[in-house]
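Below is one structure, written out as structure tokens, with a few remarks after it.
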2 protein chains.
Amino acid sequence: MQKKQAVGMIGLGLMGLPMAKRLLDAGIKLTVWNRTPEKAESLLSDGAKLADSIASLVASVDTVILMLANTPVVEAIMRGPAGVLEVLSPDTLVIDMGTTAVINTKAMAADVISVGGKYVDAPVSGGVIGAENGSLSIMAGGPAETFNDALPLLEILGGKITHVGDSGSGQIAKAANQVIVGLTIGAVAEGLALAAAAGADPARVRQALDGGFATSRILQVHGERMVRQEYPLGARCTTQRKDLQQALELAESLGLELPTTELCRDQYDRLIASGDADLDHAALYKLYKA
Amino acid sequence: MQKKQAVGMIGLGLMGLPMAKRLLDAGIKLTVWNRTPEKAESLLSDGAKLADSIASLVASVDTVILMLANTPVVEAIMRGPAGVLEVLSPDTLVIDMGTTAVINTKAMAADVISVGGKYVDAPVSGGVIGAENGSLSIMAGGPAETFNDALPLLEILGGKITHVGDSGSGQIAKAANQVIVGLTIGAVAEGLALAAAAGADPARVRQALDGGFATSRILQVHGERMVRQEYPLGARCTTQRKDLQQALELAESLGLELPTTELCRDQYDRLIASGDADLDHAALYKLYKA
């Protein structure tokens, strides 16, 4: 791309907003759209343009980044009336950085390519902290050439970018990631709950375990939240539950049973039913505190 | 301790043997005993003395290190006829570095103290690799003064030594550790199995996830074993199963339910029943490979 890149960002939630901020700070010409336009306000003073419709955003940029809440929202934004697919001009690059179902991703990539566009699935891990400081892990799927087109933008947002494979591979990796994150939270919750119930200081136990085979980012970050019994976001319980459910649907479509993932999904259901939907996913620990 | 320390080591299994080797390399005067004395042979040329009985070992040293397979063996060695407790001289320090049940540990510490001895529970994490290169994480429980007595020896064996609290606290931390290790292996197994079944390269997925919130020692070490589908020890499935069972018994005694730990224990039962008892615990992945 020779001309100065014009980027459009759709979705300014917990993750999208700090990612948009990083793009602006890097000098990217950015147009944004959000269902709730008020969320864009802090970006406008940094030079972002607010589009009044998805169609006008897509018409004015050469790259569209999606950072949306879930698969149905991505489908609506992409395929709805006056949606991205309807107005896409040839050579426009679409990068879906949310956690979207693999089957929908593969279909969407094919449809974008069929109208002359390019598509990369590039979901992320690393949470709000990673979005703010540009240290996200980015798992990308798509043709190598398209991945290379997306790479300069991804490098502004991520500390580690892996081209996993063909279209959908990024989302497959993200599904695996969300399974591992959710189940590791469950692992740390059961371990620390046992230590606390047995009369040890969970803060010292967490410190003692860090460095051995129990070491994980979850033990460090989410384990600390459990020890303090404070659950600042992070990622919501509802988001973790949604991602586990999506992974289970993918597994079911492949005839694969994931019993621990099912159990963990059911635990998040109980937690959400008890009123803790909007706490950080580390709050799974609350299920074990009698 | 002014005089040159004489140390006795009971138990020369997968972990005990390389730990004994490190003590010898550090210049410690070491006497060893093992149910199968042949296991000591490689140590004798390095200067270790082989005791012909537990009683003669205990009589000739001021510190006894136990590195035994499980709680019943520790009970037999400590309380059996001509066992450690029967022949212990005052001021002898007993350090149990195996994974022993918390209730038994507390009772044994009290009994050792009642005959004038000193007791530290100091179980480890880090596997054979950690034992060989002295990078074990050591979780210690006992009075501060006794912990300080044990510390110079522990520093030869471990890279990180934490005094968690009173007698039994080291074993509580180890129970938490084993729960987290077993369940994190389950987490990585379900995540990588999903990625493989969905058609992504699990090696690339493992690399893509490393650095994000799914990052763990287990993802790095055991995840690599899963990707290769090779299961060199490490730690045996039977050992992991035993430790999960022991943690569940501790939880039950406290009225705490750990459903994910129960599920993981059941999965190791299935794996062991299918003939994989002696593989490394990363072999849990085999349950998911159709």
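Please treat every number below as a calculation from the coordinates, not as lab data. Remember, it's a predicted structure, so these values are computed and weren't measured experimentally. Neighbour counts are summed over all protein chains in view; Cβ atoms, including those assigned to glycine, are modelled from backbone coordinates with ideal geometry.
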Checklist entry - Rounded to two decimals, what is Rg over Rh for region A:125-202 when you use alpha-carbon atoms and the Kirkwood radius? => result 1.19
Checklist entry - Which residues does a label at B:Ser135 reach in region B:6-36, if reach means a backbone N under 15 Å from a point 7 Å past the Cα toward the Cβ? => result none
Checklist outcome for this item: Volume per residue (Å³) of the convex hull spanned by the alpha carbons of chain B is 137
Item to check | Near-label residues of region A:169-201 by backbone N, under 15 Å of a point 7 Å along Cα→Cβ of A:Glu145 | outcome: none
Next on the checklist: List the residues, sorted by chain then number, that are 5 or more residues from B:Thr31 or on another chain and whose placed amide H is less than 5 Å from its amide H.
Outcome noted: B:Val7, B:Gly8, B:Met9, B:Lys49
Checklist entry - What do the square roots of 5 times the Cα gyration tensor eigenvalues come to for region A:6-165, in whole Å, largest first, as semi-axes of the equivalent ellipsoid? => result 20, 19, 14
Checklist entry - Say each of B:Glu249 and A:Lys289 gets a label point 7 Å from the Cα, pointing the same way as Cα to Cβ; how far apart are those two points in nm? => result 3.0
Checklist outcome for this item: Here the FRET efficiency for A:Arg35 versus A:Ala107, based on Cβ atoms and R0 = 30 Å and rounded to 0.05, is 0.85
Checklist outcome for this item: In the structure shown, of B:Lys21/B:Lys289; B:Lys160/B:Lys242; B:Lys21/B:Lys106; B:Lys39/B:Lys289; A:Lys118/B:Lys286, the pairs separated by more than 31 angstrom at the C-alpha atoms are B:Lys21/B:Lys289; B:Lys39/B:Lys289; A:Lys118/B:Lys286
Item to check | Acute angle (nearest 10 degrees) that the helix A:169-197 long axis makes with the longest principal axis of chain A, alpha-carbon atoms | outcome: 20
Item to check | Translational diffusion coefficient (Stokes-Einstein; Kirkwood radius from C-alpha pairs) of the protein assembly as shown at 25 °C, 0.890 mPa s, in µm²/s | outcome: 96
Checklist outcome for this item: Each label sits 7 Å from Cα toward the beta-carbon; between B:Ala273 and A:Asp266 the label points are separated, in nm, by 1.9
Item to check | Estimated vicinal HN-Hα couplings, Hz - region B:117-133 in sequence order (Karplus 6.51, -1.76, 1.60; Gly, Pro = x) | outcome: x, 10, 9, 10, 8, 9, x, 10, 9, x, x, 4, 4, x, 5, 5, 9
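By counting other Cβ atoms within 10 Å of each Cβ, how are A:Val188, A:Val32, A:Val115, B:Val87 ranked from fewest to most?
Taking fewest neighbouring Cβ atoms as first place, the list is A:Val115, B:Val87, A:Val32, A:Val188.
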Checklist outcome for this item: Percent relative contact order for chain B, counting Cα pairs under 8 Å at least six residues apart, stands at 13
Checklist entry - Using the beta-carbon distance between B:Ala82 and B:Gln229 and R0 = 35 Å, what value does 1/(1 + (r/R0)^6) give for FRET efficiency, to the nearest 0.05? => result 0.15
Next on the checklist: Skipping prolines and chain starts, which residues have an amide H placed within reach, meaning under 5 Å, of the one on B:Gly199, given they are 5 or more residues away or on another chain?
Outcome noted: none
Item to check | With Cα atoms, 0 to 90° folded angle of helix B:144-157 axis to chain B main axis | outcome: 60
Checklist entry - Counting other C-beta atoms within 10 Å, which of A:Ser53, A:Ser135, B:Ser137 has the fewest, and how do the rest follow? => result A:Ser53, A:Ser135, B:Ser137
Next on the checklist: I want to check the label-to-label distance for A:Ser56 and A:Gln220. Put each point 7 Å from Cα in the C-beta direction and report it in nm to one decimal.
Outcome noted: 4.5
Next on the checklist: For region B:73-136 and region A:118-166, what is the centre-to-centre distance using only Cα atoms, to the nearest Å?
Outcome noted: 51
Checklist outcome for this item: From fewest to most C-beta neighbours within 10 Å, the residues B:Leu30, A:Leu254, B:Leu284 line up as A:Leu254, B:Leu30, B:Leu284
Next on the checklist: If R₀ is 45 angstrom, what is the calculated FRET efficiency for the pair B:Ala6 and A:Asp25, using the beta carbon separation as r and rounding to 0.05?
Outcome noted: 0.10
Item to check | For region B:188-257: span of alpha carbons on each principal axis (Å, largest first) | outcome: 43, 26, 22
Next on the checklist: Nearest 10 degrees is fine. How inclined is helix A:237-253 to the longest principal axis of chain A, computing both from alpha carbons?
Outcome noted: 80
